[in-house]
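A short worksheet on the structure shown next.
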Amino acid sequence: MVRFKNRYIVFDIIYADTPLGLSSLPSAHALRNQPDIALEPFGDTGRHNLRTPALSQKDLIFAIKDSIAENFGDYGVGMTQRALTLKYFSPHTNVGILRVSREEANMVWGAMTFIRQIKGNPCLIKVIHVTGTIKMCQLKTIAYDRDRILYLRRQAQLMQDDEVASRLTQAIHESKSEIDAMEI
Amino acid sequence: MFYDLNIPVSATTGSAAAAQEQLETKKRVELLVHLGYHVVAYNHEVVGKLPPHHVNPIQKLDLPGVNLKQLSRLTLVVDDMSQNYGLNTSNHVVSSYDLVAVQPTNEKLFQAACSTFEVDIISLDMSARLPFYLKHSTVGMAIERGIYFELGYSAAIRDASARRNLISNAQSLIRVTRGKNIILTSQAMRAIELRGPYDIINLNTVRAVASTEPIASLAENEQWKLGTKRKKESQQTEATSLPSKKAKETKS
């Protein structure tokens, strides 16, 4: 009997107001203070990346499953649902790890590409890495998570938002231990 | 090195709509950089013959410290066989753009584009049913002349029927070109319609298309084009390595 093989997809959800780290361009926050410019069409979604972790793991997995159903039909859902599990998702950085069966990894990835909104918030999903073992996946996620949190903290400090900044400092440690503790 | 050679911008300057668009362009560019693209081409579309006093309206963004090459691209939508569109390198207006594309709307013009027009890219509206069959003999002429075919993905992200058409058109295009000379572009009007380069490459494997070719189409082909075909700017393009091997590892 051959072992059942999985793939682990590390992904990042990018919202309209996700700060992307190009200092020469006005960030979403700066734009928000200019009332004469409408934030259409990427849009003011009413959530704030630094403050409102709006997305639960359940919502996210449903969004992915819906997209599989939309793009690949019942067959796609049936083929993927046995292994499909969200192993980790950080609401601070919107980084997550999805487990899929190896054969259907490309299909699930494709379905994720076609996601346009989750719970009414326009967004896109960028796959950062695909691995065969959870160890490598953890390392990638920790590094990426840390970079994002450090960036967000710098933003918060610049905006002199001490409460958010200290919460994010804590989040670095939390996210590392959470990812490390993820069961294989 | 990844390229997105179609970021549509419209012509008008000075109006409120233009300021809005400028903002949207900034957002798109910001996201492109974040997603890992290195080259972007702003696309200006003109329907019909170019007016004689046409001036290249594309303004490149000032991006200090950002590793992003910005190009300008002209797309001419041609629909009249009897017109002379002046698509040659001696035309100053045309050669003020880094890239020139043509979008034929019927089979005759498609043939003309493949066989005689001096362009870099042939663009077809892949989100609707193609009005004619793509023939290997016609397409082959274009490939021999080093012309590329464009597949824009953003319409497919917008709605389901465009997605179906794109998949079907992409398959017929890849069948007749045997996967050669295809470039993938976003054609994204809005930032939300952009996707990461590897995400797009993955879509091609989902469509059961030979996976190496689209990788090359995103990366290597464009470099070749810029390297050999066009003018001053192109000469500054250095050789870049093709990340296809890494992409394959990531996927498989």
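So how do A:131-140, B:27-36 stack up, highest first, on mean other-Cβ count within 10 Å?
Those peptides, ordered most packed to least, come out B:27-36, A:131-140.
So if I take the centroid of the Cα atoms in the stretch B:48-64 and the same for the stretch B:151-191, what is the distance between those two points in Å?
26 Å
Report, in listed order, any pair from A:Lys119/A:Lys176; A:Lys65/A:Lys119; A:Lys126/B:Lys27; A:Lys119/A:Lys140 with a Cα-Cα distance greater than 18 Å.
Over 18 Å apart, Cα to Cα: A:Lys119/A:Lys176; A:Lys119/A:Lys140.
Going by average Cβ density within 10 Å per residue, which order do the peptides B:186-197, A:101-112 take, highest to lowest?
Peptide ranking by packing, descending: B:186-197, A:101-112.
Percent relative contact order of the stretch A:57-143, based on C-alpha pairs within less than 8 angstrom and at least six residues apart?
26 percent
Counting only protein chains, not ligands or nucleic acids, how are B:Arg178, A:Arg99 ordered by accessible area (probe 1.4 Å), most first?
Solvent-accessible surface, decreasing: B:Arg178, A:Arg99.
At the nearest 100 Å², what buried accessible area, both sides summed, do you get for B and A when the probe is 1.4 Å?
When B and A are taken together, about 3200 Å² of accessible area is lost.
Check B:Gly152: other-chain or 5+ apart residues with amide H under 5 Å from its amide H, H built from backbone geometry?
Placed amide hydrogens put B:Met126, B:Thr185 under 5 Å from B:Gly152.
Just how many % of Cα pairs in the stretch B:52-176 lie over 26 Å apart, if you round to the nearest whole percent?
29 percent
Calculate the mean, over all residues of peptide B:192-203, of how many other protein chain Cβ atoms lie within 10 angstrom of the residue's Cβ.
Rounded to a whole number, the mean comes out at 6.
Around B:Tyr37, under 10 Å between beta carbons, what's the net of Lys plus Arg minus Asp minus Glu among the other residues?
0
Going by a ≥ b ≥ c, the root eigenvalues of the Cα gyration tensor, does the stretch B:133-194 fall in the rounded group (a/c under 1.5), the prolate group (a/b larger than b/c) or the oblate group?
Oblate shape, in that a/c is at least 1.5 and b/c is the bigger or equal ratio.
Going by a ≥ b ≥ c, the root eigenvalues of the Cα gyration tensor, does the stretch A:104-184 fall in the rounded group (a/c under 1.5), the prolate group (a/b larger than b/c) or the oblate group?
oblate
The values are calculated or read from the model by the stated rules, or taken from the named source; none is laboratory data. What you are looking at is a predicted structure, and each value in this text was computed from that prediction instead of being measured. Cβ atoms come from the backbone with ideal geometry, glycine included; neighbour counts cover every protein chain shown. Ligands, DNA and RNA are stripped out before the accessible areas are found, and what is left, the full protein with its side chains, is counted by its heavy atoms. Shrake-Rupley method; radii C 1.70, N 1.55, O 1.52, S 1.80 Å.
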